[in-house]
1. Yes or no: residue 170 surrounded by 12 or more Cβ atoms within 10 Å (Cβ to Cβ), modelled with pLDDT of 90 or more, under 19 Å from the mean Cα position of the chain (by Cα) and closer than 15 Å to residue 96 by Cα?
2. Condition first: more than 15 Å from residue 123 (Cβ to Cβ) and either in contact with a strand residue (DSSP E or B) (Cβ under 9 Å, 6 or more places away or on another chain) or part of a helix (DSSP H, G or I) (or both). Now tell me which residues in the range 79-100 satisfy that.
3. Limited to the range 1-58, what total is found for residues that are surrounded by 15 or more Cβ atoms within 10 Å (Cβ to Cβ), free of Cβ contacts under 8 Å to residues at least 12 places away in the same chain and either touching a strand residue (DSSP E or B) at 6+ places or on another chain (Cβ under 7 Å) or farther than 19 Å from residue 71 by Cβ (or both)?
4. If residue 113 satisfies every condition in (1) farther than 20 Å from residue 190 by Cβ; (2) surrounded by fewer than 20 Cβ atoms within 10 Å (Cβ to Cβ); (3) at pLDDT 90 or above but one, which is the exception?
5. Looking at 2, 36, which one is within 18 Å of residue 103 (Cβ to Cβ), at pLDDT below 85 and out of contact with any helix residue (DSSP H, G or I) (no Cβ under 6 Å at 6 or more places or on another chain)?
6. Of the residues in the range 71-93, how many are under 11 Å from the mean Cα position of the chain (by Cα) and touching a residue at least 40 places away in the same chain (Cβ under 8 Å)?
7. Which number in (1) at pLDDT 90 or above; (2) more than 22 Å from residue 188 (Cα to Cα); (3) assigned to a helix (DSSP H, G or I) marks the one condition that residue 21 misses?
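The values are calculated or read from the model by the stated rules, or taken from the named source; none is laboratory data. Computed from a prediction, not measured in an experiment: that's the story for all the values here. Virtual Cβ from ideal backbone geometry, glycine too; neighbours counted across all protein chains shown.
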């Protein structure tokens, strides 16, 4: 999955209706240009593609103050809303996606009900544990990783990464279960978007 689709759909959703410059500003404000492929060109391309695919509706608004073409504002369609939540759920449960996808999922986690967010994260923990068990069962030689020389360090890296991801996810689950953050249906969540 591409994080840019989730990021763009989520940023538009948070505004209700947003133009490309707002989406770009929000993603830069979140630092997404540092941890994902959310660069200006890819953001504008994603907006156009998502509109072309029926996930966003494009509206021409006021002419550009800089003398360019009219500004286009986007809003989620019903299909776009479904796609957004499908991508969000996938980002939170899948153990083997890039950090950018998980980061995008965490950035929008409060759009879900609290219980669902916890359940999705528990699925992520289970997937991490199953993956780790598979890796160690299938790839650890009887004599230990030392038999593999420096290649054994790959296994150490994989298992350490899985352990760290599991520990972090369990910590997040604990914080959410303890009442951290306002989730869907619990009042006004923190949104973190720039003003229009």
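1. On the way: surrounded by 12 or more Cβ atoms within 10 Å (Cβ to Cβ): yes; modelled with pLDDT of 90 or more: yes; under 19 Å from the mean Cα position of the chain (by Cα): yes; closer than 15 Å to residue 96 by Cα: no.
So residue 170 does not fit the description; no.
2. Going through the range 79-100, the residues more than 15 Å from residue 123 (Cβ to Cβ) turn out to be 79-85, 87, 98-100.
The answer is 79, 80, 81, 82, 83, 84, 85, 87, 99, 100.
3. 2
4. (1)
5. Working: 36 fails: out of contact with any helix residue (DSSP H, G or I) (no Cβ under 6 Å at 6 or more places or on another chain).
Within the list 2, 36, the selection yields 2.
6. 5
7. (1)
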